[in-house]
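The values are calculated or read from the model by the stated rules, or taken from the named source; none is laboratory data. Please read all numbers here as calculations on a predicted model, not as lab measurements. Neighbour counts are summed over all protein chains in view; Cβ atoms, including those assigned to glycine, are modelled from backbone coordinates with ideal geometry. Just the protein is used for accessible areas: all its heavy atoms, side chains included, with ligands, DNA and RNA removed. Shrake-Rupley method; radii C 1.70, N 1.55, O 1.52, S 1.80 Å.
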Amino acid sequence: MGPMSTSPLDPAVAARLKRSADGLVPAIAQQYDTGEVLMLGWMDDEALHRTLTTGRCTYWSRSRQEYWVKGDTSGHYQHVKSVALDCDADTVLVRVDQVGAACHTGARTCFDADVLLSDAD
């Protein structure tokens, strides 16, 4: 399987997707009730189909060249609440209920450790 594979993804959705050269779209995971941005992963048509139909976020691992379901190894599941495309249909926003840490480092979000600019003071 892998990127560009034939998939049961709804043809109307598949026709709208603008994929990268390797057949992927970035997928942003956001905590559905707080708006917290948790992580960014990559999906091909099959990963998006699985995410839409199983209620669990499925991503394509570019390094391992395989599908992975968030939480299957860590127990830090992402339960899907909604899925949307951006205006250009080249990015997916998945609003989830995150169980535990979203980041592989064990942090709640992938975006809290390396802040380049903050006006929160």
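Of VAL80, VAL115, the residue with the largest accessible area leads and the full order is VAL115, VAL80 (1.4 Å probe).
Our estimate of slack between CYS103 and SER63, defined as 0.36 nm per intervening residue step minus the Cα-Cα distance, is 12.8 nm. Please work out which option in [x] 0.98; [y] 1.49; [z] 0.91 gives Rg/Rh (Cα atoms, Kirkwood Rh) calculated from these coordinates, and answer with its label. So the calculated entry is the one marked [x]. Taking θ as phi - 60° and the Karplus parameters 6.51, -1.76 and 1.60, the scalar couplings of the stretch 103-113 work out to 7, 5, 7, x, 7, 4, 10, 6, 10, 10, 9 Hz in sequence order, x denoting glycine and proline. How many angstrom separate the Cα center of the stretch 40-77 from the Cα center of the stretch 9-39? Going from one Cα centre to the other spans 11 Å.
In the context of the full set of protein chains, the chain has a per residue accessible area of 58 Å² (1.4 Å probe).
Among the cysteines of the chain, CYS57, CYS87 have no other cysteine beta carbon within less than 4.7 Å of their own. With helices as the sole contributors, the chain gives -3500 deg cm²/dmol at 222 nm; each DSSP H run of n ≥ 4 counts as -39500 (n - 2.57), and the sum is divided by every residue. Per the 1.4 Å probe, what fraction of the accessible area of the chain, in percent, lies on carbon and sulfur atoms? Summing carbon and sulfur atoms, their accessible area is 53 percent of the total for the chain.
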